[in-house]
Amino acid sequence: MRFSLYTEKTVPQCLSSINTRMQAKETANRPALDGWIARNGEFSLKVTRPVVGKFQRTTRLKGQVERETGITVIRGIVPGGSSPRERVIGLGALAVVGVL
């Protein structure tokens with residue numbers, strides 16, 4: 001999934017806000033973030049959360065902060081994973097292989 005966010009903050013203010021959020025302690029409602037920030041405006045964030053039992057899922061976000069015509073634009077991408085239809089096909093294929 002691609003996204004674009006717009007703000008009136010400057011690029012250094014945006015990167016500072018991202019850094020502050022990465023340094024914040026984990027709470028029950030706010031998971032801990034891991035990642036990096038480059039001086040050219042690129043950044044990457046990663047969060048790991050439990051799904052079921054001991055299984056955990058890691059979600060990664062990669063983005064770029066840049067100034068365009070007086071407004072700061074944050075563009076990024078988060079991999080979407082499989083669609084529900086693709087999951088059903090994969091589980092069906094797994095069942096066929098299991099039966100064979």
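The values are calculated or read from the model by the stated rules, or taken from the named source; none is laboratory data. Quick caveat: nothing in here was measured; it's all calculated off a predicted structure. Here the Cβ is made from the backbone with ideal geometry for all residues, glycine too, and neighbour counts use every protein chain on show. Heads up: the accessible areas ignore ligands, DNA and RNA and are worked out on the full protein's heavy atoms, side chains in. Shrake-Rupley method; radii C 1.70, N 1.55, O 1.52, S 1.80 Å.
A few notes on this one:
- Length-normalised contact order for segment 38-100 - Cα pairs under 8 Å, 6+ apart - percent: 22 percent
- Each residue, Met22 and Arg2, gets one label point 7 Å from its Cα in the Cβ direction; the gap between the two is 2.4 nm.
- Axis of helix 84-99 versus longest Cα principal axis of the chain: the two differ by about 30°, to the nearest ten degrees.
- Low-density loop positions, GluC sites (Glu not before Pro), the chain - DSSP coil, at most 12 other Cβ in 10 Å: Glu8, Glu26
- Segment 52-81 and segment 3-44: distance between their alpha carbon centers, rounded to Å: 10 Å
- Of (1) 6.5; (2) 9.1; (3) 6.9, the label for mean projected area of the Cα convex hull in nm² derived from the coordinates: (2)
- Helical content of the chain, expressed as a calculated mean residue ellipticity at 222 nm, amounts to -9500 deg cm²/dmol (DSSP H runs of 4 or more residues, -39,500 (n - 2.57) each, divided by residue number, nearest 500).
- Relative contact order (%) - segment 31-72, alpha-carbon pairs under 8 angstrom, separation at least six: 32 percent
- Using a simple spin-label model with pseudo-atoms 7 Å out from Cα toward Cβ, Arg30 and Arg67 lie 2.8 nm apart.
- Surface accessible to a 1.4 Å probe, Lys9 within the full protein complex, Å²: 90 Å²
- Anisotropy class of segment 44-93 from Cα gyration tensor, a/c 1.5 cut: oblate
- Loop trypsin sites (Lys or Arg not before Pro), segment 50-86, which have at most 16 other Cβ atoms in a 10 Å radius of their Cβ (DSSP): Lys54
- Against the main long axis of the alpha-carbon atoms of the chain, helix 11-23 sits at an angle near 50°.
- Relative contact order (%) - segment 1-87, alpha-carbon pairs under 8 angstrom, separation at least six: 34 percent
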